[in-house]
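Below: the structure, in structure tokens.
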Amino acid sequence: MKKGLLFLGLLFSGSLAMANQCAFDLLGTDTRDYKDSEGNFVKQIIIPSSCTYFTINLRNVTKMHKTAMGHNVVIAKAKDVKAIALDGAIAGVGKDYLKPGDTRIVAASKMVGGGERTSVRFAVSKVKEGGYDFFCSFLGHERKMRGKLIVK
Ligand code: CO
């Protein structure tokens, strides 16, 4: 009886998780990768065009402080990522490796350290033309922690 209830509970929570297609859960690892909850590398995120807003949730699964292995999620045009990361490197760790007021950034979460969570929410209309990426602005991380946003 108890097992049956647990099974129903799992089914129910599973369907609830699937019902929110306007959000995606990312993990930030100590190998400087974005992974999904099953441990797969995440190199693209599909955004259903039916969503008005989309949310990317990030959990830093390392045990390190954000100044050593910080992770965030920044949304920008793919062609701007290198320049944003360079300006972020100049801005430094105290600014979470982002230039304050950088108008090339569509949206950005805060930088979080080990065990912490954050999220970034943005209007799908801002990225639907295509060519947008998500990446981590921590020094040097964008080389691995980067993927495409695909609206379809
Ligand atoms: Co990072």
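Observations
- Any hit, the range 78-98, residues being surrounded by 13 or more Cβ atoms within 10 Å (Cβ to Cβ), part of a strand (DSSP E or B), within 16 Å of the ligand (Cβ to nearest atom) and under 15 Å from the mean Cα position of the chain (by Cα): no
- Listed by first and then second residue, the pairs with beta-carbon distance under 9 Å, at least 6 apart or on different chains, first residue in the range 81-99 and more than 18 Å from ASP133 (Cα to Cα), second assigned to a helix (DSSP H, G or I) and open to solvent by less than 30 Å² (accessible area, probe 1.4 Å), are LYS95/GLY88; ASP96/GLY88.
- The range 129-152, residues that are over 14 Å from the mean Cα position of the chain (by Cα) and either within 16 Å of the ligand (Cβ to nearest atom) or more than 11 Å from ILE46 (Cα to Cα) (or both): GLU129, GLY130, GLY131, LEU139, GLY140, ARG143
- Residue that is farthest from the chain's Cα centre (by Cα) [pool: residues in the range 66-75 that are closer than 14 Å to VAL127 by Cβ and crowded, with 23+ Cβ neighbours inside 10 Å]: VAL74
- Top-ranked residue of the range 104-115 - restricted to ones that are under 13 Å from the mean Cα position of the chain (by Cα) and within 15 Å of the ligand (Cβ to nearest atom), ranked as surrounded by the fewest Cβ atoms within 10 Å (Cβ to Cβ): LYS110
- GLY101 vs. criteria modelled with pLDDT of 95 or more, away from the ligand (no atom under 14 Å from the Cβ) and outside any strand (DSSP E or B): yes
- Checking each residue in the range 50-65 for being open to solvent by 70 Å² or more (accessible area, probe 1.4 Å), out of contact with any helix residue (DSSP H, G or I) (no Cβ under 7 Å at 6 or more places or on another chain) and touching a residue at least 40 places away in the same chain (Cβ under 8 Å) picks out ARG59, LYS63, MET64, HIS65.
The values are calculated or read from the model by the stated rules, or taken from the named source; none is laboratory data. In this text, all values refer to a predicted model and were calculated from it rather than measured experimentally. Note: ideal-geometry Cβ built from the backbone for every residue, glycine included; neighbour counts use all protein chains shown. All accessible areas refer to the heavy atoms of the entire protein, side chains included, with ligands and DNA or RNA removed. Shrake-Rupley method; radii C 1.70, N 1.55, O 1.52, S 1.80 Å.
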